[in-house]
Each structure stands twice: as C-alpha cells, then as structure tokens.
Amino acid sequence: MEVWWSMVRLLFILLFSVSVCYGQANRFAGFGSRNTCPVEALKFIDSSGITDQTQKDAICTLVKQLQDSALWTKMVAVYPFVGGTASTHKWNLKNPINSDAAYRIVFFGGWTHSSNGALPNGINAYADTRIISGVAISASSIHFSKFNRTNDLTGNKIDGTYDVYNNTFFQANYSAGNAIVGGFGSILTYTPTDTRGFFVTSRTSLSLIKTFRNGTQLGSSTTAITGIPTLVYTYIGARAEAPIPSFFNTYECSFASYGTGLTDAEASTLYNIVNAFQTTLGR
C-alpha cells in the first residue's frame, strides 16, 4: 500500500513539474518574440496605442531595417501613418512623445484618416510637424521624403515651407505641368507624370540637391545656398508661408520623414524599405 501511494505522489510531482515548465516556456517564448522588436518600435506602439498585430509587426520591421541600413541615425522625424486615426497618425516614430519639441503632428482643417494614411481635402487641410528646416536639421544636409497615394496633376499643390530663400524641400506638382523643388536658394524642375509613389528630396552639400521618385532620380541642382532661412514650420498637405498655409494638396500620405541628407544609394535603400512597409500593410 505504501509503495502504491509513493508511486501516486511521484506521478503528481512529475505532472506538476511538466505543467510548470510548459507554462514558463510559453511565457518566455512570448517574451522572447516581443524582444525581437526594437525598443524604439515598442515605444511608438505603446504611445500610439495601435493594436493591430500586422501594423505592430510592420513597425518593428521598419525600425529594424532602418537601423540595420544605418538610416535610423539620419532621421529626425518618421511618420508611418498607422492606426487609421488622427490620434495614431500624429506620432513621430523617432521620438514618440506628445509635444511640439518631439515633432508630433498637429492636424488642421479637413482630413480623412484611414488604414491607408491621411488624406487632406485640398481646401484647408494641413499638418504642422513643428519642424523648422535649417534649425532642426542642418541647411547643408537635409532630406524630406513622402509616400503619396493620390495621382493629381492639376493646379498648384505643395508640401513643405517657403521663405525668400526658397526654403521648400518638396513640391510634387506646381503649375500643373512643372514640378519645382527648392531648398535654400536651389531650384530644380521636372515634368511630373504621376504624383503617386515615394518621393525624396535631399541636399547633401551646400551646392547639391536632388529629387527621387521610387528610387529613380528626377532632377538635380548645383545652385549654392544663398541665405539663412526664416523660422517657419514645415507642413504636410500644404506649404507654410510665414506661416500661413497655402497651395493645399490632395495627396493621401502614408509615410513621411525628415532628416539629414541622403546619398543616391541611401535614397534607393529608403525607398525599398518604405515600399516593403506599404506592401506589408496592404496599401
């Protein structure tokens, strides 16, 4: 009888041990999978409150690829426009703090927010990033990128900011048939055929500025910087002019970034990363 009870007790002990080990293994397996996501991405996910797992995974991959390609350190602000609402679209992935100093977006006017991004109405909608080009980022090394989902070649439609030194870093379409990009005195032009895609405008020196669409160069200028910019914030969806918004556009935005200047190779790498990000999100 004693032997029988000893065997029963041993069996219970073994079953309990297996149960505990299995539970601990599962708990740490889950913890480990969370740890594969960069801490910077986890901060953004927590701040923005996004709950969709596909979006979370996409953010984790986006940050990891930017870090692995050495582009993360070149970024001052990254806006992935995930979550489908103004309250989730406003966050700066590089510094997800709800303050002007952290460059979180403030939306004004008529915007439509969805899982595809943020769509301005072209009438009074603009998004203030609180970034002062040439102050937050050096005038001699700066880029602005934006992923547009809307093709609209009509009228004058601009993103960015403007002063007497042409302090504008992205103008997708100007005067219907001619796109103009400026940056501290430099102006380059090209003929747009489609305003959709990923655009990058980059200055890498005092005398060189380039614009790319989907990794392909559209134009360049070697005009040197001619002056110090005025203190005007940079807008998405319109142009800030001292600092009244003007030239409102209708381009649905699903990604934007500001940072130091990008080489041709870096602009191409950023396009590949952002394009994969959009594909993962189905947009």
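The single residue among 205, 268, 257, 220 that is in contact with a helix residue (DSSP H, G or I) (Cβ under 9 Å, 6 or more places away or on another chain) and either hydroxyl-bearing (Ser, Thr, Tyr) or modelled with pLDDT under 95 (or both) turns out to be 257. Restricted to the stretch 90-138, and to residues there that are out of contact with any Lys or Arg (no Cβ under 6 Å at 6 or more places or on another chain), charged (D, E, K, R) and modelled with pLDDT of 95 or more, the residue that is most open to solvent (accessible area, probe 1.4 Å) is 94.
Inspect all residues belonging to the stretch 152-159 and state whether any of them is at pLDDT 75 or above, of a type outside the set (Asp, Glu) and in contact with a helix residue (DSSP H, G or I) (Cβ under 7 Å, 6 or more places away or on another chain). For the stretch 152-159, residues at pLDDT 75 or above, of a type outside the set (Asp, Glu) and in contact with a helix residue (DSSP H, G or I) (Cβ under 7 Å, 6 or more places away or on another chain): absent. Of the set (1) of a type in the set (S, T, N, Q); (2) within 19 Å of the chain's Cα centre (by Cα); (3) not in a strand (DSSP E or B), all apply to residue 211 but (3). Residue 87 is checked against (1) at pLDDT 95 or above; (2) outside any helix (DSSP H, G or I); (3) of a type outside the set (A, V, I, L, M) and fails just one. What number does that condition carry? Evaluating residue 87 over (1) at pLDDT 95 or above; (2) outside any helix (DSSP H, G or I); (3) of a type outside the set (A, V, I, L, M) leaves (2) as the failure. Looking only at residues of the stretch 71-99 that are touching a residue at least 60 places away in the same chain (Cβ under 8 Å) and of a type in the set (A, V, I, L, M), we find that the one that is farthest from residue 145 (Cα to Cα) is 82.
Answer yes or no as to whether residue 277 is within 22 Å of the chain's Cα centre (by Cα), under 23 Å from residue 88 (Cβ atoms) and either without any contact (Cβ under 8 Å) to a residue 24 or more places away in the chain or in a helix (DSSP H, G or I) (or both). Yes.
The requirement of being open to solvent by less than 50 Å² (accessible area, probe 1.4 Å), more than 21 Å from residue 150 (Cβ to Cβ) and at pLDDT below 90 is fulfilled somewhere in the stretch 230-246, by at least one residue. Does residue 255 qualify as being under 21 Å from the mean Cα position of the chain (by Cα) and open to solvent by less than 40 Å² (accessible area, probe 1.4 Å)? In short, yes.
The values are calculated or read from the model by the stated rules, or taken from the named source; none is laboratory data. It should be emphasised that the depicted structure is a prediction, and the values quoted were computed from it without experimental measurement. Because the Cβ atoms are built from the backbone with ideal geometry, glycine has one as well, and the counts that use them run over all protein chains shown. To get the accessible areas, we keep the full protein, side chains included, count just its heavy atoms, and leave off ligands, DNA and RNA. Shrake-Rupley method; radii C 1.70, N 1.55, O 1.52, S 1.80 Å.
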